[in-house]
Amino acid sequence: MKKSEQVNELHEKAMDIAERGFLAEKKGQLDKAKQLSSQAYEYECKAAMLLLNDYDVEPTRSVLFRSAACLALDFENYREAERMIALGLLGNPPPEILEELRELFISNIPIQTEPISVSLNQATGSQFSFPMRTNVKYVTLPTNSAQSLPSQS
């Protein structure tokens, strides 16, 4: 089976399942709708990933990643949605799809505002903390005196 046939088959399965999910949501069956969106996402993700490095297959490539991101958002898997958006942006999407991918990210992906800590060396306990996107609060460098840089907030 040719790659294009595989992509089409996976995409059609995804859309059939997504339609059933949409109907379940209209009937108020929210758990069933999320479950079906998750299943549809799996097929759409596989279809998109088959074209991951096929940058010359636009707009199909970016449309599949956008669709997979929307399905991930339907069942509130924000990390997968973010990943699909990023992979879609890696290609050469046409301007309208590019804008839709950006808008999906800006409007739907929650932003973590609390700093997170990452251990650089567990043996010595050296760590640094950094925020997600904004509000740099402090950075502790792995030195003997564990000096901190001044706060930038």
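Readers should treat all values here as calculations from the given coordinates under stated rules, not as data from a laboratory. Treat the numbers as computed from the prediction; the structure is a model and nothing was measured.
Note on residue 26: lysines with a C-alpha under 21 Å away, same-chain residues under 8 apart excluded, are 13, 34. Each residue of the stretch 85-92 is assigned a 3J(HN,Hα), and the resulting list reads 4, 4, 5, x, 6, 5, x, 10 Hz, derived from the Karplus form 6.51 cos²θ - 1.76 cosθ + 1.60 (θ = phi - 60°), x at Gly and Pro. Extension gain for residue 107 to residue 26 (0.36 nm times residue separation, less C-alpha to C-alpha distance): 26.9 nm.
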